[in-house]
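Encoded as structure tokens, the structure appears first; notes follow it.
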Amino acid sequence: MALSIGVTSAEFQNLNPLKLEPYIRAHEIREKRRLEEINFEGWIAGVYITYALGCAFSQNSQYPERPFDLFEESLSPEERSRQEAAVFAAYADEFNRRFKKEEK
């Protein structure tokens, strides 16, 4: 187990269970961060897929011309508002398409 969390065999020989605790905690933090990154990547992929579906099923939707700026501090309020409106429009178009399909 010590090898799986990044402790070398030389370090392991000099450690007792109490001194091993920071290594275990660091491994847990790295794993949590990795899983959060995977979760975010899945979420952002879903946003882009929503845009793609909106474009495929509605003439009123447009796919983003460039990737989203992930660091919103650099966006102007107008740009942020425009992006939020575009995301909402894509969701609304998909919702309306499904609603019309259920009415039939």
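Filtering the stretch 12-31 down to residues that are hydrophobic (A, V, I, L, M, F, W, C) and exposed (fewer than 12 other Cβ atoms within 10 Å of the Cβ), which residue is farthest from the chain's Cα centre (by Cα)?
Leu18
Consider only pairs whose beta carbons are under 8 Å apart and that are at least six residues apart or on different chains; among these, list those whose first residue lies in the stretch 11-33 and is in contact (Cβ under 8 Å) with a residue 60 or more places away in the chain and whose second residue is surrounded by 13 or more Cβ atoms within 10 Å (Cβ to Cβ) and assigned to a helix (DSSP H, G or I).
Going by the 8 Å Cβ cut-off, there are no qualifying pairs.
Is it the case that Ser9 is surrounded by fewer than 10 Cβ atoms within 10 Å (Cβ to Cβ) and touching a His at 6+ places or on another chain (Cβ under 9 Å)?
In short, no.
Under 9 Å by Cβ, and 6 or more places apart or on different chains, what pairs join a residue from the stretch 57-81 that is hydrophobic (A, V, I, L, M, F, W, C) with one that is modelled with pLDDT of 85 or more?
Phe68/Ile44; Phe68/Val47; Phe68/Tyr48; Leu70/Ile44
Condition check ((1) of a type in the set (Val, Ile, Thr); (2) surrounded by 12 or more Cβ atoms within 10 Å (Cβ to Cβ); (3) modelled with pLDDT of 80 or more) across all residues:
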{"residue": "Gln62", "(1), (2), (3)": "no, yes, yes"}
{"residue": "Glu73", "(1), (2), (3)": "no, no, no"}
{"residue": "Glu84", "(1), (2), (3)": "no, no, yes"}
{"residue": "Val87", "(1), (2), (3)": "yes, yes, yes"}
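If you check Arg34 against the conditions, is it within 17 Å of the chain's Cα centre (by Cα), surrounded by 10 or more Cβ atoms within 10 Å (Cβ to Cβ) and not β-branched (Val, Ile, Thr)?
Answer is yes for this residue.
Determine whether Glu78 is surrounded by fewer than 14 Cβ atoms within 10 Å (Cβ to Cβ) and farther than 30 Å from Ile5 by Cα.
yes
The values are calculated or read from the model by the stated rules, or taken from the named source; none is laboratory data. Quick caveat: nothing in here was measured; it's all calculated off a predicted structure. Cβ: placed from backbone, ideal geometry, glycine included. Neighbour counts: every protein chain shown.
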